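Engineer: Could you have a look at this structure, given as structure tokens, before my questions?
Throughout, read-outs are computed from the coordinates displayed, never taken from laboratory work. Keep in mind it's a predicted model, so treat the numbers as computed, not measured. When we count neighbours, we look across all protein chains shown, and the Cβ atoms used for this are built from the backbone with ideal geometry, even at glycine.
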């Protein structure tokens with residue numbers, strides 16, 4: 001790091017700074033600092049007026065500082081923030097307020113105070129929430145389309161154009177800085193660091209007497225650790241980003257933090273990860289030591305509660321307020337909050353209060369169009385005497401919010417473990433044979449038409465052969481209607497993830513959102529396609545359920561619902577993608593079930609015979 005530049009920078013920031021203050025700011029001994037000041041005066045960089053007690057930058061000092069001017073800043077804000085649920089179900093972590101000010105806005109304001117106006121925010125999760133910052137602060141947004149499946153290495157790759165040829169700060173939207181640590185000029189690349197006593201799992205920095213970083217270890221004792229903002233000089237970026245780009249293109253790096261590239265460069269281990277065996281040289285980067293109360297990276301809501309007392313009993317979050325009201329506890333007693341899942345339909349979080357664990361379910365985007373919560377509640381109430389569901393504490397027929405007991409040590413069914421499957425089928429038989437009814441049906445024809453309406457023709461643009469496949473589904477539904485099969489209360493979503501094996505050996509069937517009166521074989525069809533069963537497994541499942549070989553009619557019904565179920569959930573996924581929820585290859589797999597099982601139906605002799613009868 002250029003000490004003369006750093007001296008000039010500190011004088012630029014404060015002309016009346018004392019030698020002792022300069023010594024502390026630069027991390028130098030008083031004697032070394034005094035010597036540096038004399039040298040800078042001899043070089044014509046600075047002058048000192050004893051009468052006023054002020055330093056001044058001379059023409060050469062101004063020229064020297066020119067190359068160190070900070071051009072821009074990049075703020076990482078693409079991630080979900082799973083450790084801050086349920087708050088981050090509604091609001092990205094960087095937009096949470098601390099002492100009445102949003103964390104990302106505080107940093108933007110601090111950057112502006114240092115004269116840094118070129119600010120880019122890397123967005124992903126709930127990207128629309130950041131749009132207002134364009135008008136309020138003149139920032140620009142760059143979207144990382146891989147935010148949901150890759151880590152910060154990919155986000156920095158998408159931001160790489162913001163760094164090349166520039167001196168640029170790299171910040172995290174969810175950092176809170178007590179004092180403004182940004183400057184108009186920076187004299188070398190650095191990583192902010194705080195000292196942590198005792199054992200830590202943070203990334204610990206090794207450095208020499210001049211503060212130059214020499215290595216990084218993950219975890220350590222009594223160490224200076226990576227914590228907070230980073231500054232990339234032009235020279236640093238020129239060396240760093242070509243290596244980061246190679247990492248990005250190398251399989252196996254998808255879940256890496258961008259700092260892994262820096263760690264490997266400093267530790268000399270880049271060659272162990274990249275296929276090309278060549279020498280990589282670490283760019284110079286220094287430690288920027290910060291006091292203990294300067295930089296804050298809140299790990300979870302409980303840490304934020306300790307810092308900002310407002311969050312103890314008033315998080316301004318609907319789910320937290322609901323839990324507080326239903327369980328009659330203040331928010332401060334809702335603890336150990338963890339993201340349980342961001343599922344295909346809902347979001348859920350696990351929490352503890354009064355030494356018991358619960359799950360709160362929050363309906364996902366667009367769910368209010370897909371599910372009738374009054375019907376879901378009616379299904380839960382109808383099957384309550386069977387004792388086969390989870391223990392529901394609260395379920396709103398209006399909003400779909402649900403609070404239920406969490407079963408410690410439980411596990412989901414394994415669809416490839418046929419002993420698990422047999423036990424699940426026993427529970428399904430208990431439901432199907434119970435004689436319990438509800439006033440609503442699951443009408444697959446109505447649901448397909450409904451989801452098509454939600455998709456608004458988008459599905460026809462996605463699939464070239466959609467019209468033909470849709471006509472095939474109509475044929476299957478017409479034939480099913482003519483069979484006039486008996487209806488029982490069915491779960492519809494009787495898939496492996498919804499069966500819980502409890503520690504006491506019992507089983508629960510959870511999430512009755514789609515339950516209604518329908519042909520019992522539909523539960524087997526839905527189980528088969530969700531488990532991604534192949535043809536042999538599909539056949540084995542129906543035999544286990546029936547306890548015998550299915551009749552031609554039963555197989556026709558079973559296969560028809562496999563095709564129709566695949567078609568239905570494909571439309572469901574297309575709609576969900578239109579509201580910002582992607583499911584990867586799920587759409588393709590479901591569409592293939594629709595096409596493949598229609599072909600099986602029309603080409604199998606037994607089915608041809610049934611078709612001629614119908």
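Engineer: Taking 8 Å as the Cα distance limit and 6 or more residues as the minimum spacing, I'd like the relative contact order of the range 411-613 as a percentage. Don't skip to the answer; put the middle values down first.
Structural biologist: On the way: 253 pairs, mean separation 48.3, N = 203.
Once normalised by length, the contact order is 24 percent.
Engineer: Next question, about the same structure. When DSSP beta bridges are limited to those with both residues in the chain, what percentage is antiparallel, rounded to the nearest 5? Let's see the in-between values first.
Structural biologist: Details: 56 of 76 bridges.
About 75 percent, rounded to the nearest 5.
Engineer: Which order do 491, 472 fall in if you start with the one that has the fewest other Cβ atoms within 10 Å?
Structural biologist: With the fewest neighbours first, 491, 472 line up as 472, 491.
Engineer: Go through 75-82, 182-189, 15-22 and give me the packing order, highest mean Cβ count within 10 Å leading. Working shown, then result.
Structural biologist: Values: 75-82: 23.2, 182-189: 21.2, 15-22: 14.1.
Highest mean packing first, the order is 75-82, 182-189, 15-22.
Engineer: A further question on this structure: Using the alpha-carbon centroid of each, what span in Å lies between the range 180-251 and the range 49-74?
Structural biologist: The two parts, judged by their Cα centres, are 26 Å apart.
Engineer: Helix 3-13 versus the longest principal axis of the chain: what angle, 0 to 90°, nearest 10, using Cα atoms?
Structural biologist: 80 degrees
Engineer: Compute the relative contact order of the range 3-66 as a whole-number percentage, counting only Cα pairs closer than 8 Å that sit 6 or more residues apart in sequence.
Structural biologist: Working: 66 pairs, mean separation 24.4, N = 64.
Worked out over the range 3-66, it gives 38 percent.
Engineer: Report, in deg cm²/dmol and to the nearest 500, the calculated mean residue ellipticity at 222 nm for the chain, where each DSSP H run with n ≥ 4 adds -39500 (n - 2.57) and the sum is divided by the residue count. Spell out each step's value before the answer.
Structural biologist: Numbers: 24 runs with 254 residues, N = 614.
That calculation yields -12500 deg cm²/dmol at 222 nm.
Engineer: Between helix 103-113 and the chain, what is the angle of the helix's C-alpha long axis to the longest principal axis, kept within 0 to 90° and rounded to the nearest 10?
Structural biologist: Helix 103-113 sits at roughly 30 degrees to that axis.
Engineer: Return the Cα extents of the range 72-297 along principal axes one, two and three, sorted largest first, each rounded to a whole Å.
Structural biologist: Extents along the principal axes: 46, 37, 35 Å.
Engineer: Next up: Give me the percent relative contact order of the chain, please, defined on Cα pairs under 8 angstrom at least 6 residues apart.
Structural biologist: Numbers: 1044 pairs, mean separation 56.1, N = 614.
Relative CO of the chain lands at 9 percent.
Engineer: For helix 418-432, what angle does its Cα long axis make with the longest principal axis of the chain, in degrees from 0 to 90 and rounded to 10?
Structural biologist: Tilt relative to the chain: about 60 degrees.
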